[in-house]
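The values are calculated or read from the model by the stated rules, or taken from the named source; none is laboratory data. Since we're looking at a predicted model, the values are computed, not measured. Every residue, glycine among them, receives a Cβ derived from its backbone with ideal geometry; neighbour counts consider all protein chains shown.
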Amino acid sequence: MAKQRRSLTKLANVPAAGNKTSASEEHISQVSSLSQDAESEIDSGLDVAFLDNVAHQLIAPLQTVQAHCENIYEGYLSDEESKKRLKEVIGHLRMAIQLAQRVRFLYELVSDEGDHKQRPTEVVPFSSVVTQFIDGYNNYLLMFRERGVQCDIDADSMNELPSVKNWSLASQQVIMNLFDNAAKYCRGGSTVRIAGKKGRGIVQAHFWTRSTEIPESDKERIFDKGFRSAAVRTRAAAGTGLGLWISRQLMRAMDGDIFCTPGKSGGDNRFTIVWKAAK
Amino acid sequence: MRILVLDDEPWSVSWIRDFVKPLGGEVELVETFDQAVSACKNGVPDIAVIDVMIGQSSVPFQGATLANAEEQWQGLKFLRHLRVELRASKKTTEIIVYSVLDRGDLADLVVRAYQGHFRTKGDVSQFRKLLGSLLREKTS
């Protein structure tokens, strides 16, 4: 069967057209067609912006990897410094691979290829979900340090929590997205705090960040496809508003969720990732 | 030898520090236009390495006039400031402008308006070669 590609903003099923249409159906059909044209225009803008952003975000870590490797190869660094840089190189490559994986997830979400209900989930101790990510992506900690951002991980709060139903690749992607956003938008001198919490039949990871102010009216919209709040659009870092949308799709595919609670003082936001606790 | 690097993704240019250190260079890394301007208060740098596209995600460049581009692109805005500082101080700064965009019109603008060199982010080897040769010229 031929693969059916749907555009980024057209995930809703379009009903098949019938043979006979009433006047009102025709009107609806015309309005729908007009709205689809408008959607297509938004779509192509979103597609192009997404491609531009992905290209930029891939080039940045890969050119950094190349430059570090050339420095090492040409003998600009001591053995000890080389080892340190190689560790960074591994981190940059991991980021690039995760980004490519995000594109893959996006493709699956907009095509009919990925059936997320069939995804392999396994029962793992909750503490390993977050700490595994931190161990592998120490580059984010370096990126935070470059911007004067501290990272405080409350490991004790996670150790006491029950095991969860986890789809590893997806969880890594969701956590990476929050770290990505923190690296882009957190204010210099602020602290990213991460802690775990138990709920009824669920386990949560809270991410507190001090970054851009999210108005109460936008707290759900930031998970819409292509949505970027006005506050974020004025900031330097690039983005297409797809990361949080993909994150929500992935978490829901494993019966979890992700949501945001804007803080009372401007910019103190809490993101919560929810996993279903294993029985 | 003082090298001012303006980039809002400082981790992506950290390799410059390693590269210039054995050649006698010292890097001052700044992320914003304001930080770059205040770095010049201590004197203009010997070499300025500037990312054009800081400050916004993707403002189209096509058909932009110089004044327009300098207003919209923070990297170019800083170059305008640097040009004024250089005239006042009668010193010379070697300028490398780089961007993820690989555009002839942007490269022409950099050469024409700022007498600078243009490199794309994807061409790291050429970027390193240029930086190395400018450093060596400056120190010889």
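Out of B:Leu134, B:Leu106, B:Leu101, which single residue is modelled with pLDDT of 85 or more and surrounded by 15 or more Cβ atoms within 10 Å (Cβ to Cβ)?
Values: B:Leu106 fails: modelled with pLDDT of 85 or more; B:Leu101 fails: modelled with pLDDT of 85 or more.
Only one candidate passes the filter, namely B:Leu134.
For the subset of region B:117-140 comprising residues that are more than 11 Å from chain A (Cβ to nearest Cβ) and touching a residue at least 60 places away in the same chain (Cβ under 8 Å), which member is farthest from B:Arg87 (Cα to Cα)?
Here the residue is B:Arg136.
For region B:35-54, what are the residues that are within 12 Å of another protein chain (Cβ to nearest Cβ) and surrounded by fewer than 22 Cβ atoms within 10 Å (Cβ to Cβ)? Explain how you work it out, then say what you get.
Restricting attention to region B:35-54, the residues satisfying the condition of being within 12 Å of another protein chain (Cβ to nearest Cβ) are B:35, B:51, B:53-54.
B:Gln35 - this is the single residue of region B:35-54 that is within 12 Å of another protein chain (Cβ to nearest Cβ) and surrounded by fewer than 22 Cβ atoms within 10 Å (Cβ to Cβ).
Please tell me if A:Ala67 is modelled with pLDDT of 95 or more, facing chain B (nearest Cβ under 7 Å) and closer than 21 Å to B:Ile54 by Cα. Break it down into steps so the answer makes sense when it comes.
On the way: modelled with pLDDT of 95 or more: yes; facing chain B (nearest Cβ under 7 Å): yes; closer than 21 Å to B:Ile54 by Cα: yes.
Criteria met by A:Ala67.
Can you name the residue in region A:135-159 that is within 14 Å of chain B (Cβ to nearest Cβ) and free of Cβ contacts under 8 Å to residues at least 24 places away in the same chain and is also surrounded by the fewest Cβ atoms within 10 Å (Cβ to Cβ) among such residues?
Here the residue is A:Arg145.
I'm checking my understanding of the structure. Among residues of region B:71-106 that are free of Cβ contacts under 8 Å to residues at least 24 places away in the same chain and within 14 Å of another protein chain (Cβ to nearest Cβ), which one is farthest from B:Asp34 (Cα to Cα)?
Narrowing region B:71-106 to residues free of Cβ contacts under 8 Å to residues at least 24 places away in the same chain: B:71-73, B:80, B:84, B:87-88, B:90, B:92, B:102, B:104.
With within 14 Å of another protein chain (Cβ to nearest Cβ) added as a condition, the list becomes B:72-73, B:102.
Numbers: B:Gln72: 15, B:Trp73: 13, B:Asp102: 26 Å.
By that ranking, first place goes to B:Asp102.
Please determine, by comparing only the residues of region B:7-32 that are more than 10 Å from chain A (Cβ to nearest Cβ) and not charged (D, E, K, R), which one is surrounded by the fewest Cβ atoms within 10 Å (Cβ to Cβ).
B:Gly24
Quick one: is B:Leu82 out of contact with any Lys or Arg (no Cβ under 7 Å at 6 or more places or on another chain) and of a type outside the set (D, E, K, R)?
Working: out of contact with any Lys or Arg (no Cβ under 7 Å at 6 or more places or on another chain): yes; of a type outside the set (D, E, K, R): yes.
Taking the combined requirement at face value, the residue satisfies it.
Quick one: which helices (runs of 4 or more DSSP H) sit completely within region B:1-107 and have at least 2 residues that are farther than 22 Å from B:Leu135 by Cα and not aromatic (Phe, Trp, Tyr)? Lay out the reasoning, then the answer.
Values: elements: B:15-20, B:33-40, B:66-72, B:74-89.
Hits in region B:1-107: B:33-40, B:66-72, B:74-89.
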